[in-house]
Amino acid sequence: MKKKVIVLGCGLVGSVMALDLAADDAYEVTVADANEEALKKTAAKAKNPVKITTGIDFASPASITEGVRGHDLVIGAVPGSMGYAAIGAVIKAGVDMSDISFMGEEYRDWDRAAKEAGVTLFEDVGVTPGASSILIGDACRRLDRVDDVTIYVTGLPKSPEPPFNYRLVFSPDDLVEEFVRPARIKRNGKIVEEPALSGRQLLTFDIPGISVPQMEGFYTDGARSLLDSIPCPDVKEITLRYPGTARDMEFLREIGLFDTDPVDVKGQKVAPRDLFAALAYPKMKLRDDEVEFTFFHVLVTGEKDGKKIREEYALYDERDPGTGYHSMARTTGFPCVIVGRLIAEGVLRMPGVNPPEAVGTCAPAVERFLQEMAKRGVKIIHRVTEL
């Protein structure tokens, strides 16, 4: 019997996840979104029939609970601002879930409710956090001691164009959060906050088989659950952009363009961030003919059998010319649906709300994850070095 799965959200990533699942005869797929045109476009591309619905209000937990009830699996791709409530709604329906919503709240607050309901839920299962976290969990499982975890990550157009040198490849509101939300990192065993866009440095990467240009790195709040879920005293995420980006975004932030409180403009109340969105987001829209890439480089340093070891993972992916899928949609969506499949198949049976690195504690799940990513053409390189 086919597994019934419902995808909440039909944006750039949600549509790719729905199509990936619909290509598998083992799944009966429904996609929910308010945008009927996007739903019809996605359904028209699907290998197998896909049901579509505009009948679930993502702003209403009760509507989500009713809409997902009776399914075997939920794939979550709603905006981060709605993610926390959506988790609770899915748990209430008693359905397992794999989710990419990049929420500001502590999603593990729902852990007890999920355990009581017998629901297995994995959160933050995108690219970073997500795929990188799974690999970090895998490295931590193999090492006797972990001393440092550093994550470098980016998703950028191959041919940048000023003034932003950037294209929107995920939720634009979540992009702005990178420039305003303080970055939590772990230093000498203590979790500390660094200002958004701080810790700037120029970086080059020497990885066989992968070529990326010189990048500017700065702290972002992507370490999240890794700060307390793995036994490591130093953990940080560094987002990579073309040089000069942090300076420019810091200027826009400091003059108030990212603020959400309305200001008076000639008698009209306007939220500066809404104005920025109206002016800037159209200029950052990814064109159909543009090629973009996603890259992360993860370093896990520790000890094994008395030797200092560095476990190193690198992911590189570009837009797929065959399907037209953007690389960020591929590298964010594929981990989420792969983990969802592992839940549905019973490989991952962990009642509660789990961070993605928990996948790394299960060797068969990691092996399948790497196989499935490779099957979809996503390159992941693994190197182990004795220091």
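The values are calculated or read from the model by the stated rules, or taken from the named source; none is laboratory data. Keep in mind it's a predicted model, so treat the numbers as computed, not measured. Neighbour counts are summed over all protein chains in view; Cβ atoms, including those assigned to glycine, are modelled from backbone coordinates with ideal geometry. The area values use the complete protein model at the heavy-atom level, side chains included, leaving out ligands, DNA and RNA. Shrake-Rupley method; radii C 1.70, N 1.55, O 1.52, S 1.80 Å.
Compute the semi-axes of the equivalent ellipsoid of region 255-360, taking the square root of 5 times each eigenvalue of the Cα gyration tensor, and list them largest first in whole Å.
That gives 39, 21, 19 Å for the three semi-axes.
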For this session: For the chain, return all DSSP H helices satisfying: extent of Cα atoms along own axis at least 24 Å; mean Kyte-Doolittle hydropathy at least 0.0.
Result: 327-344
Exercise. Within straight cross-link reach of Lys92, meaning Cα distance under 16 Å, which lysines are found once same-chain residues fewer than 8 apart are removed?
Worked result: Lys115
Seminar exercise, completed: The rounded separation in angstrom of the Cα centers of region 335-387 and region 90-132 is 16 Å
Exercise. When the gyration tensor of the chain is built from Cα positions, what are the square roots of 5 times its three eigenvalues, in whole Å, from largest to smallest?
Worked result: 29, 28, 21
For this session: Check the straight Cα-Cα distances from Lys285 and name the aspartates and glutamates below 13 Å, setting aside those fewer than 8 residues away within the same chain.
Result: Glu161
For this session: Report P(r) for region 101-256: all Cα-Cα distances, bin width 5 Å, range 0 to the bin holding the largest distance, values in whole percent.
Result: 2, 8, 16, 20, 20, 16, 10, 5, 3, 1, 0
Seminar exercise, completed: Lys and Arg at +1, Asp and Glu at -1: neighbours of Arg142 with Cβ under 9 Å from its Cβ sum to -1
Exercise. Can you tell me the accessible area per residue over the chain, all protein chains present, probe 1.4 angstrom, in square angstrom?
Worked result: 43 Å²
Seminar exercise, completed: Asserting the computed 222 nm helical MRE of the chain (DSSP H runs at least 4 long, -39500 (n - 2.57) per run, divided by residue count, to nearest 500) equals -9500 deg cm²/dmol
Seminar exercise, completed: Among beta bridges assigned by DSSP with both residues in the chain, the antiparallel ones amount in percent, to the nearest 5, to 60 percent
Problem set entry | Pairwise Cα inverse-distance average, inverted: Kirkwood Rh of region 1-120 (Å) | 14.1 Å
